[in-house]
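The values are calculated or read from the model by the stated rules, or taken from the named source; none is laboratory data. Note that the coordinates shown come from a computational prediction; the quantities given were computed from them, not determined experimentally. For neighbour counting, all protein chains shown are included, and Cβ atoms are generated from backbone atoms with ideal geometry for every residue, glycine included.
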Amino acid sequence: MNSKKTPSIPYLYNPQNQSKEALIKGFVVRQKTFERIYKEIKAAKMIHPEQHFLIEGKRGMGKTTMLLRLSYEIERDKSLNKWLIPLVFNEEEYGIRKLFKLWERVFELLEENSKSFQGIKTKIRLLSAAHKADEDYEKAAFELLSEELTKRKKKIILFIDNATDMFSKFSEKDAHRFRKVLQTSADLRIIAASATPVRPFYDYRHPFYEFFKIEHLEGLDSKSTFELLSKINNVQKGEDIPLKLNRHRGRIETLRRLTGGVIRTILLLYELFTDDEQGAAFQDLETILDRVTPLYKHRMDDLPANQQEIVEAIALSWDAISVREITQLTRMESKAISAQLSTLVKNDIIHKIRTNTKNNLYQISERFFNIWYLMRNGRSSDRNRVIWLVRFLEEWCDEIEITERAKQHLHSLEKGNYDPQAALHLSEALAFTKHLPQDIQHELLESTRVYLEKHTKDLSEKLSASDLSLHQKATSLLENKEYTDAIIILQKMRKSDYLNLAYAYETGLNDYQQAEKYYLKAIKENVQDADYLLASMYHKQARGFRKAESLYNRAIGNGSGKAAFALGTLYLGKKKFDQARESFENAVILDVFDARLMLVFMDISVFKKYYEAEAAFIQLLNEPHIFDSDFEFTPERIRLFGMGFIFLLSRSNRDFLYQFFNSEKAEVQQLKDRFKPIYYTLLYLLKEQYPTEYLRMGSELKETVEEIVELIEKFSSIQT
């Protein structure tokens, strides 16, 4: 644990214990909400019953601070405090279970806060003794309150925190009575707060339905978070705060995203980020998790048992999951899950991710709450995964430092005396950040592996493989056609190899839907050849002509000659001959040899441009570098060359072909053997010049040669 002292953020859980001056000075966010509510308070003369407010937001969002700030402003406002008395209830008022208890508490607060109300508690005690029935006593108590306020020309405004707990305890009779009081009395106004939406305010059957104006507190945005921490940084000046906010906006943004903008959690995590030592956030994570436990445990404890089960299933999954997956994990009925999810989404515990299908996805709204749950309640693998994610987010928001930090960590390992557990986790965290180069990631993990094997062999076995190692293993599996195993390895990589994943699904498993998904991911990341390969898949499946055409053109725009050639074959198959020719000509420009063969083929078979075809094919055969040692005779090339040779024979280019087949380059590629039937056809046609040569052919070739001779004669007749 880092020995450097971190600043303590005071009054995180009890802002009411902070001085008025300090709270007002530190109130830097939610200004617009504050001003909007206060403007309405100040404008109201309370001659008639006024609109009441409910400030709603999850725990830690600053509701209590907002209530206090409003009450303090009333006290400071000379025009208001002459007649309006703010009464602030405790955050937890466990004793108020009935309406008369509310009025008793109001009397207590009046006596505590105003000298003119001294002794009023005695009157309420006498009143209680005089009325045995609760209903009679409550009405008498409220009448007394109205009389005392009228007598002193005062009005009261009640700031009630955790209104959920208080109002939900009222009986239906008390609730109706309370509504009537609020509707008819101009003596009091309520500004309440609640951590969760209160059923009375959303259930149309309840007396409080739509009775309060609701202000919802969302998580802080980037600007407000920076303003909050800047203010705290200014208040707590001193050598113990090395954080330079303007230089570390990335860390602040990380902090906001992890917490979902929850103020209380931001302030807790702030203590981590104020220490600028390398790895401080990682080292102190456990401490912070302990500090947020009361907040998050309360959040879970407040949920009904069936909602707790659903939240756990979603939290342990970490990534968003569907209702069907939750059903599998909990064995609850999908209808019951959907109903509970609606409540959890409304209460902002769960975030709903809409899809283009009926199957929406769900995940924990506040990511740091999810991190806490996994770290405190998850399996070992879950906890490790979260640590890596935290580090990833930190580095993702401050990517300039990532490579340097990895090198510093390597240097620390080389010096030795590094805690093995910390070496494992920090290496994993750094290695799986988004922007670390592949070679440095490989070096980092392999160096850590060597270090751990020297100190704690068990830990070395937990260390992940680098992307480079995984890629090499996956490539070997693909070469051996072990596609399923290759997919498993490829999916472990930090930077997904979408192209090989797509190839494995397409070629190995014939799963074209999955292949398409990964090709599209690769295209989105501008992976070379991704658009060409997806177009080829559409092309081979003879579906999606327009998609294939569009993707081929996209690849051509990026300089892909093979895409231009493939587009030509696509058009050829659709008998779009002019477009096919244009595509093959583009492929020739992009140095695709086969495109020249295809143009010869089209001039012969489609456009009947025999002179052009003859000249082009002879030129191709005369080129000095044709049939170099690395030239590959694919089946398609053999077919096209064979057709070209037969075409030349039909054009009486027999002496040229004899010289060509007996040239050195033809000998290197053994063309006499590759095209033996055509070569013996040539010798047969030249039998007057070479009377014995054609007799060397085996009897098995005789019938084929006769067929080629017949084909040449037909070809010749067509051309004349």
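Has region 298-306 got any residue that is assigned by TED's automatic domain parsing to the domain that holds Leu361, under 26 Å from the mean Cα position of the chain (by Cα), over 20 Å from Ser334 (Cα atoms) and among the basic types (Lys, Arg)?
So far as region 298-306 goes, yes, one or more of its residues are assigned by TED's automatic domain parsing to the domain that holds Leu361, under 26 Å from the mean Cα position of the chain (by Cα), over 20 Å from Ser334 (Cα atoms) and among the basic types (Lys, Arg).
Those helices (runs of 4 or more DSSP H) of region 576-689 in which at least 2 residues are surrounded by 14 or more Cβ atoms within 10 Å (Cβ to Cβ) and modelled with pLDDT under 90, considering only elements entirely within it, cover 664-668. Is there a residue being closer than 25 Å to Asp302 by Cα and hydroxyl-bearing (Ser, Thr, Tyr) anywhere in region 146-167? For region 146-167, residues closer than 25 Å to Asp302 by Cα and hydroxyl-bearing (Ser, Thr, Tyr): present.
Within region 665-692, can you find the residues that are closer than 26 Å to Phe631 by Cβ and either hydroxyl-bearing (Ser, Thr, Tyr) or not assigned by TED's automatic domain parsing to the domain that holds Glu623 (or both)?
Of region 665-692, the ones closer than 26 Å to Phe631 by Cβ are 665-683.
Of everything in region 665-692, those that are closer than 26 Å to Phe631 by Cβ and either hydroxyl-bearing (Ser, Thr, Tyr) or not assigned by TED's automatic domain parsing to the domain that holds Glu623 (or both) turn out to be Tyr679, Tyr680, Thr681.
Restricting region 521-554 to residues that are closer than 20 Å to Ala486 by Cβ and in a helix (DSSP H, G or I), the residue that is nearest to the chain's Cα centre (by Cα) is Lys521.
Annotation: Ser476 fulfils all but one of (1) outside the structural domain of Glu404 (by TED's automatic domain parsing); (2) of a type in the set (Ser, Thr, Tyr); (3) not in a helix (DSSP H, G or I); the unmet one is (3).
Would you check if there is a residue in region 46-60 being polar (S, T, N, Q), in contact (Cβ under 8 Å) with a residue 60 or more places away in the chain and loosely packed, with under 15 Cβ neighbours inside 10 Å? Walk me through how you get there before you give the answer.
We begin by selecting, within region 46-60, every residue polar (S, T, N, Q); these are 51.
Right, trim to in contact (Cβ under 8 Å) with a residue 60 or more places away in the chain and you get 51.
Those left that are additionally loosely packed, with under 15 Cβ neighbours inside 10 Å: 51.
Among the residues of region 46-60, at least one is polar (S, T, N, Q), in contact (Cβ under 8 Å) with a residue 60 or more places away in the chain and loosely packed, with under 15 Cβ neighbours inside 10 Å, which makes the answer yes.
Residue count for region 181-197 under the criterion of being closer than 28 Å to Ala133 by Cβ and modelled with pLDDT under 90: the result is 2.
Can Gly557 be described as within 42 Å of the chain's Cα centre (by Cα), closer than 30 Å to Ser716 by Cα and not aliphatic (A, V, I, L, M)? No; evaluated as a whole, the condition is false for this residue.
Inspect region 153-168 for any residue being under 30 Å from Tyr38 (Cβ atoms), modelled with pLDDT of 90 or more and surrounded by fewer than 15 Cβ atoms within 10 Å (Cβ to Cβ) and give the result as yes or no.
Scanning region 153-168, I find at least one residue that is under 30 Å from Tyr38 (Cβ atoms), modelled with pLDDT of 90 or more and surrounded by fewer than 15 Cβ atoms within 10 Å (Cβ to Cβ), so the answer is yes.
If you check Met46 against the conditions, is it aliphatic (A, V, I, L, M), on the phi > 0 side of the Ramachandran plot and in contact with a strand residue (DSSP E or B) (Cβ under 8 Å, 6 or more places away or on another chain)? Can you show your working first?
Values: aliphatic (A, V, I, L, M): yes; on the phi > 0 side of the Ramachandran plot: yes; in contact with a strand residue (DSSP E or B) (Cβ under 8 Å, 6 or more places away or on another chain): yes.
Yes: the conditions hold for Met46.
Against the numbered list (1) over 28 Å from Lys687 (Cα atoms); (2) touching a helix residue (DSSP H, G or I) at 6+ places or on another chain (Cβ under 8 Å), Pro635 comes up short only at (2). Scanning region 60-90 for residues that are in a strand (DSSP E or B) and under 29 Å from Asp348 (Cα atoms) yields a single hit, Val88.
Among the residues of region 164-198, the ones that are over 20 Å from Pro86 (Cβ atoms) and of a type in the set (Val, Ile, Thr) come to 4 in all. Summed over region 144-175, residues that are more than 47 Å from the chain's Cα centre (by Cα) and on the phi < 0 side of the Ramachandran plot total 14. Counting residues in region 92-99 that are closer than 27 Å to Ala195 by Cβ and either in contact with a Leu (Cβ under 8 Å, 6 or more places away or on another chain) or not in a loop (DSSP other than H, G, I, E, B) (or both) gives one or more. Of all residues in region 119-137, those that are touching a residue at least 24 places away in the same chain (Cβ under 8 Å) have Cβ atoms under 9 Å from Cβ atoms of residues that are outside any helix (DSSP H, G or I), 6 or more apart or on another chain, in Asp134/Lys98; Tyr137/His131.
Scanning region 373-387 for residues that are touching a Lys or Arg at 6+ places or on another chain (Cβ under 9 Å) and either at pLDDT 80 or above or buried (at least 17 other Cβ atoms within 10 Å of the Cβ) (or both) yields Leu374, Met375, Arg376, Gly378, Asn384.
Quick one: which residue in Lys115, Lys121, Lys139 is of a type in the set (D, E, K, R) and modelled with pLDDT of 95 or more? Let's see the steps before the verdict.
On the way: Lys115 fails: modelled with pLDDT of 95 or more; Lys121 fails: modelled with pLDDT of 95 or more.
Only one candidate qualifies: Lys139.
The residue that is surrounded by the most Cβ atoms within 10 Å (Cβ to Cβ), counting only those in region 404-442 that are modelled with pLDDT of 80 or more and hydroxyl-bearing (Ser, Thr, Tyr), is Ser427. Here Arg494 meets each of (1) more than 28 Å from Ala566 (Cα to Cα); (2) touching a Phe, Trp or Tyr at 6+ places or on another chain (Cβ under 9 Å); (3) basic (Lys, Arg); (4) assigned to a helix (DSSP H, G or I) with one exception, condition (4). Among the residues of region 357-367, are any over 30 Å from Thr254 (Cβ atoms) and under 19 Å from the mean Cα position of the chain (by Cα)? Yes, there is a match, as at least one residue in region 357-367 is over 30 Å from Thr254 (Cβ atoms) and under 19 Å from the mean Cα position of the chain (by Cα). Of the numbered criteria (1) out of contact with any helix residue (DSSP H, G or I) (no Cβ under 8 Å at 6 or more places or on another chain); (2) surrounded by 12 or more Cβ atoms within 10 Å (Cβ to Cβ); (3) of a type in the set (Val, Ile, Thr), the one Thr692 fails is (2).
Yes/no per residue for (1) farther than 28 Å from Ser650 by Cα; (2) out of contact with any Gly (no Cβ under 7 Å at 6 or more places or on another chain):
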{"position": "Lys547", "(1), (2)": "yes, yes"}
{"position": "Ser550", "(1), (2)": "yes, yes"}
{"position": "Ala563", "(1), (2)": "yes, yes"}
{"position": "Leu567", "(1), (2)": "yes, yes"}
{"position": "Lys576", "(1), (2)": "no, yes"}
{"position": "Glu582", "(1), (2)": "no, yes"}
{"position": "Asp591", "(1), (2)": "yes, no"}
{"position": "Phe607", "(1), (2)": "no, yes"}
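Please verify whether Gln689 is within 24 Å of Leu599 (Cα to Cα) and of a type outside the set (A, V, I, L, M, F, W, C), treating the condition exactly as stated. Considered against the rule, which asks whether it is within 24 Å of Leu599 (Cα to Cα) and of a type outside the set (A, V, I, L, M, F, W, C), Gln689 comes out as no.
Of all the residues in region 693-720, those that are part of a loop (DSSP other than H, G, I, E, B) and either modelled with pLDDT of 90 or more or under 30 Å from Asp630 (Cβ atoms) (or both) number 0.
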